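Student: Quick one: the structure is below, and I'll ask about it shortly.
Please treat every number below as a calculation from the coordinates, not as lab data. Quantities reported herein were computed from a predicted structural model and do not represent experimental measurements. Every residue, glycine as well, gets a Cβ built from its backbone with ideal geometry; the counts of neighbours run over all protein chains shown.
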Amino acid sequence: MKRKAWKAAFPYTIPIFAGFWFLGMTYGIYMHVSGFSFWYPMLMSLTIFAGSAEFVAVNLLLGAFNPLQALVMTLMLNARHLFYGISMLDKFKGTGWKKFYLIFGMCDESFSINYTADIPADVDRGWFMFFVTLLNHFYWFFGATLGGVFGSLIHFNTEGLDFVMTAMFVVIFLEQWLKDKTHTSALLGLGLSVLCLIAFGSEQFLIPAMAAILGVLTLLRKPMEKGGDAA
Amino acid sequence: MTLTQQLITILMVILGTMLTRFLPFLLFPAGKPTPKYIRYLGTVLPAAVFGLLEVYCLKDVSLFTGSHGIPELISIVVVAALHLWKRQMLLSIAGGTVCYMLLVQLVF
């Protein structure tokens, strides 16, 4: 059962492998040049497993001691996970002890794959999602540690490799688009995010964009349910 | 910062991340029926979130300076075209990424 789930899960994580060892290494190198020993990226990639929060954590560690600010910054930056949790309430049901790890490791990439993947009927869903999460977690840990240890020695031209994450989200957006009968929600997500990006700038737009998406989807509940968007 | 202060700061980041991930599951436990409104959100949010994530990935692209977002635009079109043509996730992602790397390293 586990073997089958592993075999089904691994191909989905190959793009994450490319993206995470690169991003993880960038993070490890960043910690290295900021004066932290490799223990920091190694242990932080293992325990936090949220890329953007870990980059911000470097700045928090370099600044003055302010635990409340650290907490609030992380909550704001990671508030999008609330949406992932709401979407996964049903899918994580009945996964037993694995559920704890699935929630712990629900980063953007784990969520996107586990939500959209077409898991074959004869493959155990719980183990499939578990391996997707575990592999992603390992790639990130591996990259961050490598970057922390060999930070200053690595020189080859990887400029642009980080686009692999953007490309993956384009594919996931398209897959969801092809599955949906109506596209109100997808278009709202794109449109409202772009509007908020223009209005609030790249550092501040995430929270207003999420509030706008939540607000408009709530207002549109009746017509959306009638129109089959929520089927 | 002392080591203790560093540890507390890191613990706060862990706590903040875990709160955002576990909260929906704590509020709506599997044993109880989930409110209809939340179930509605669970079905319509993902499509919107994938749009949000795409914009999030591109948030630092400047349309008015540097390469004006042209390599990003071309590469996204390549990803989408490859995907609509073959519908092979890895091929679409690899094709788009190689295209982007060539564009930013050699052309722009």
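Student: Whole angstrom only: what separates the Cα centroid of region A:5-54 from the Cα centroid of region A:69-88?
Tutor: Rounded to whole Å, the Cα centres lie 19 Å apart.
Student: Determine, from the Cβ-Cβ distance of A:Ala211 and A:Leu153 and an R0 of 45 Å, the FRET efficiency 1/(1 + (r/R0)^6), rounded to the nearest 0.05.
Tutor: Using R0 = 45 Å, I get an efficiency of 0.50.
Student: Calculate the mean, over all residues of peptide A:60-67, of how many other protein chain Cβ atoms lie within 10 angstrom of the residue's Cβ.
Tutor: 4
Student: To the nearest 10 degrees, how steep is helix A:163-179 against the longest Cα principal axis of chain A, on a 0 to 90 scale?
Tutor: Helix A:163-179 and the main axis of chain A meet at about 10 degrees.
Student: For A:Asp124, what charge total do you get from the other residues with a beta carbon under 11 Å from its beta carbon, if Lys and Arg give +1 and Asp and Glu give -1?
Tutor: Net charge around A:Asp124: +4.
Student: Let me ask something additional. In nm², what is the average projected area of the convex hull enclosing the Cα atoms of region A:95-141?
Tutor: Approximately 3.2 nm², given one-decimal rounding.
Student: Please find, in a Gaussian network model of chain A (springs between Cα atoms separated by less than 10 Å), the residue of A:Ala186, A:Ala117, A:Ala199 whose mean-square fluctuation is greatest.
Tutor: Result: A:Ala199 has the largest fluctuation of those listed.
Student: Could you work out the mean count of beta carbons from other protein chains within 10 Å of each residue's beta carbon in B:86-92?
Tutor: 5
Student: Against the globular-protein guess of 2.2 N^0.38 Å, express the Cα radius of gyration of chain A as a ratio, rounded to two decimals.
Tutor: Normalised Rg, Cα atoms only: 1.09.
Student: Please build a GNM for chain A, connecting alpha carbons under 10 Å apart, and tell me which residue among A:Phe142, A:Phe100, A:Phe111 fluctuates the most.
Tutor: Top of the fluctuation ranking is A:Phe100.
Student: Treating the angle as unsigned and between 0 and 90°, give the value, to the nearest 10°, between the Cα long axis of helix A:2-33 and the longest Cα principal axis of chain A.
Tutor: Taking Cα atoms only, the helix is inclined about 50 degrees.
Student: Ignoring the sites themselves, what is the longest stretch of chain A with no GluC sites (Glu not before Pro) in a DSSP loop and at most 12 other beta-carbon atoms within 10 Å?
Tutor: Answer - A:1-158.
Student: Going by how many other Cβ atoms sit within 10 Å of their own, how do A:Trp127, A:Trp39 line up, fewest first?
Tutor: In order of increasing Cβ crowding within 10 Å: A:Trp39, A:Trp127.
Student: Just from the alpha-carbon atoms, what are the Rg and Dmax of chain B in angstroms?
Tutor: Using the Cα atoms of chain B, the pair Rg, Dmax is 20.7, 57 Å.
Student: Counting helices only, and only those DSSP H runs with n ≥ 4, report the 222 nm mean residue ellipticity of the protein assembly as shown as the sum of -39,500 (n - 2.57) divided by its residues, in deg cm²/dmol to the nearest 500.
Tutor: -24000 deg cm²/dmol
Student: Shielding by partners for B:93-103, please: the mean number of other protein chain Cβ atoms within 10 Å of each residue's Cβ.
Tutor: 6
Student: Can you tell me the orientation of helix A:206-219 relative to chain A, as the angle in degrees between its alpha-carbon axis and the longest Cα principal axis, to the nearest 10?
Tutor: Rounded to the nearest ten degrees, it is 10.
Student: How big is the equivalent ellipsoid of region B:60-108 along its three axes, where each semi-axis is √(5λ) from the Cα gyration tensor, reported in whole Å from largest to smallest?
Tutor: 22, 11, 7
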